[in-house]
Amino acid sequence: MKSKANDSKANIVVRFFSSVKLAIFLFIILAITSIIGTVLPQGESLQFYLENYGPFYFKIIKNLHLYDTYHAWWYLGLMGLFSINLIVCTIKRLPYTLRLYSRDYLDLAKDDLLRRPLRTKWQAREKTNPGHLRQEIVSVFSALAGKPRSRQDVDGGQLLLSEKGRWNYWGVYLIHISVLVIFAGAIFGTFTGFKGRVMLLEGEKTDHAIQMDSHGNVKKIPLGFDIKCNHFKVDFYPNGAPKLFKSDLSILEKGKEVLHKSIVVNSPLTYKGITFYQSSYQSVPDLKVKMVSSDGEQKIFDLSAFDRGLWPEKGILIGILKYLPNVHGAPAARVYVGDPSGSNGDAVWLLMGNDRELNIGKNTYRISLVSAKEKYMTGLQVKKDPGVWLVWLGCALMVLGFGIVFWVGHRRIWLWIGEKDKDLHIILAGQTNKNKVSFEREFEKIKDGITKQIGEQ
């Protein structure tokens with residue numbers, strides 16, 4: 001009794017996982033969630049989703065991990081369930097396919113041919129040499145239908161079979177395998193690859209990319225080589241919108257250039273499986289700030305957004321807090337000036353052409369913005385996906401599989417020839433499971449060839 005109960009449970013499980021309805025449901029859900037993952041920006045901070053989508057949708061995005069859809073446990077679970085469904089369906093269907101593929105279509109009787117979708121028969125008497133008409137009909141059949149296999153003594157005659165496309169039964173399995181290969185490639189790329197960003201000024205180089213998760217945590221990802229920005233160019237439309245941004249990049253190994261390429265949007269650079277895409281740019285202020293102490297000493301600081309200037313003799317630290325390229329027709333910058341410890345200092349606005357007086361400790365300084373210009377940083381998206389070749393292989397297998405399923409048919413044409421009462425009896429029969437219109441034209445051509453041959457005797 002336990003054995004029967006276990007068998008019943010096993011059958012229920014097999015029926016569930018081999019259900020076509022389950023496959024369609026999973027396919028639709030995966031398609032919908034993939035669309036969401038494409039439309040909804042991925043990898044942003046949680047604050048970004050709260051600000052842009054509101055509290056209600058933020059809860060959904062956060063709880064379902066829609067900010068990182070393709071790594072979410074439920075998405076990977078759906079892919080796994082769909083994979084199991086395909087595997088079970090494939091295994092369950094395999095014995096039936098093997099029977100179709102291994103069946104001997106020459107193991108037929110003469111009357112079986114007359115039950116085929118396409119068939120015709122003739123009765124003729126040879127008017128010349130005995131056996132000549134038989135040979136000519138077989139020759140016509142071989143020439144028009146293809147090289148046949150034959151079997152003797154079939155209801156007193158000879159049965160010939162021309163067969164093509166028997167392997168079309170495996171097309172659907174090729175599609176199943178292609179889906180599994182695509183899934184495997186996607187999962188492999190997800191867990192072994194990475195996505196990150198690199199921001200570089202002209203002349204700068206780096207050996208790592210930066211990856212930031214939704215909680216704002218920053219992770220450095222080693223590249224295994226250096227990438228350097230030799231030159232960055234940005235052009236603008238008259239309305240100020242960016243027209244083109246282009247980065248001239250070099251790949252360095254142990255300080256030596258091994259690859260050089262200029263990239264623009266949709267024309268990336270790839271090295272050792274890591275691809276660099278031109279994705280953005282950022283303007284960076286390049287300022288000269290002059291400070292003069294009350295005792296007449298002075299110093300000029302060259303500052304950018306990521307640098308700090310130091311006047312060691314006076315114990316002065318200066319850095320840029322904010323930059324505005326045009327305030328009443330002149331550039332302006334808000335800078336912090338204080339001691340290196342940060343315990344004694346102040347933030348002041350500097351407008352080009354206007355000096356400011358500032359007290360730091362017991363000393364008084366005059367500070368002014370001497371010059372101001374903007375530099376640009378190139379923004380590169382960095383991606384490594386070792387599974388992409390598996391995905392491309394899966395796509396190629398899928399195209400091939402659909403081509404076999406929709407356009408390759410298992411086509412069979414039989415010819416039976418026998419003698420009775422000194423007359424030659426001929427039966428031509430055919431069957432296919434695809435492209436029936438084309439097959440009917442081929443069958444008619446063979447039929448006309450045999451009819452013509454009989455008429456010439």
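Residues are listed down the side, and each one gets a yes or a no for (1) more than 17 Å from residue 178 (Cα to Cα); (2) loosely packed, with under 14 Cβ neighbours inside 10 Å; (3) at pLDDT 95 or above; (4) touching a Leu at 6+ places or on another chain (Cβ under 6 Å):
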position: 384; (1), (2), (3), (4): yes, no, no, no
position: 392; (1), (2), (3), (4): no, yes, no, no
position: 402; (1), (2), (3), (4): no, no, no, no
position: 409; (1), (2), (3), (4): yes, no, no, no
position: 421; (1), (2), (3), (4): yes, yes, no, no
position: 429; (1), (2), (3), (4): yes, no, yes, yes
position: 432; (1), (2), (3), (4): yes, no, no, no
position: 439; (1), (2), (3), (4): yes, no, no, no
position: 454; (1), (2), (3), (4): yes, no, no, no
The condition of being part of a strand (DSSP E or B), at pLDDT below 95 and basic (Lys, Arg) holds, among 99, 93, 116, 151, only for 151
Kindly indicate the residue of the range 318-331 that is without any contact (Cβ under 8 Å) to a residue 40 or more places away in the chain and crowded, with 18+ Cβ neighbours inside 10 Å and also nearest to residue 283 (Cα to Cα) among those meeting that condition.
-> 320
Residue by residue through the range 149-169, note down the ones that are surrounded by fewer than 16 Cβ atoms within 10 Å (Cβ to Cβ) and among the aromatic types (Phe, Trp, Tyr).
-> 167
Is one or more of the residues making up the range 67-79 touching a residue at least 40 places away in the same chain (Cβ under 8 Å) and among the acidic types (Asp, Glu)?
-> yes
Scanning for something at pLDDT 90 or above, over 23 Å from residue 379 (Cβ atoms) and in a strand (DSSP E or B), does the range 201-216 turn up at least one residue?
-> no
For residues in the range 113-166 being of a type in the set (Lys, Arg) and touching a residue at least 60 places away in the same chain (Cβ under 8 Å), which is farthest from residue 102 (Cα to Cα)?
-> 127
The residue that is nearest to residue 313 (Cα to Cα), considering only those in the range 341-355 that are at pLDDT 80 or above and either exposed (fewer than 14 other Cβ atoms within 10 Å of the Cβ) or acidic (Asp, Glu) (or both), is 346
Please list, ordered by first then second residue, the pairs with beta carbon atoms under 7 Å, 6 or more apart or interchain, first in the range 180-196 and closer than 18 Å to residue 34 by Cα, second crowded, with 16+ Cβ neighbours inside 10 Å and of a type in the set (Asp, Glu).
-> 189/385
Of (1) loosely packed, with under 12 Cβ neighbours inside 10 Å; (2) more than 25 Å from residue 187 (Cα to Cα); (3) of a type outside the set (Gly, Ala, Ser), residue 15 fails just (1)
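Yes/no per residue for (1) under 28 Å from residue 24 (Cβ atoms); (2) of a type in the set (Phe, Trp, Tyr); (3) not assigned by TED's automatic domain parsing to the domain that holds residue 80:
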site	(1), (2), (3)
170	yes, yes, yes
185	yes, no, yes
190	yes, no, yes
206	no, no, yes
211	no, no, yes
227	no, no, yes
241	no, no, yes
Looking across the range 283-312 at residues that are small (Gly, Ala, Ser) and in a strand (DSSP E or B), the single one that is farthest from residue 366 (Cα to Cα) is 283
Name the single residue, out of those in the range 255-270 being within 18 Å of the chain's Cα centre (by Cα) and assigned to a strand (DSSP E or B), that is surrounded by the fewest Cβ atoms within 10 Å (Cβ to Cβ).
-> 267
Looking at the range 145-177, which of its residues are touching a helix residue (DSSP H, G or I) at 6+ places or on another chain (Cβ under 7 Å) and of a type in the set (S, T, N, Q)?
-> 162, 168
Quick count over the range 358-385, residues being of a type outside the set (Val, Ile, Thr) and over 27 Å from residue 281 (Cα atoms), is 8
Identify the single condition in (1) without any contact (Cβ under 8 Å) to a residue 40 or more places away in the chain; (2) under 23 Å from residue 388 (Cα atoms) that residue 203 does not satisfy, given that it satisfies every other one.
-> (2)
Search result, residues across the range 441-450 that are farther than 19 Å from residue 105 by Cα and surrounded by 15 or more Cβ atoms within 10 Å (Cβ to Cβ) = 442, 446, 447, 449, 450
Only one of (1) in a strand (DSSP E or B); (2) over 30 Å from residue 431 (Cβ atoms) fails for residue 160. Which number is that?
-> (2)
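The values are calculated or read from the model by the stated rules, or taken from the named source; none is laboratory data. Nothing here was measured: the structure is a model prediction, and the numbers come from that model. Here Cβ is always computed from backbone atoms with ideal geometry, including for glycine, and neighbour counts include all displayed protein chains.
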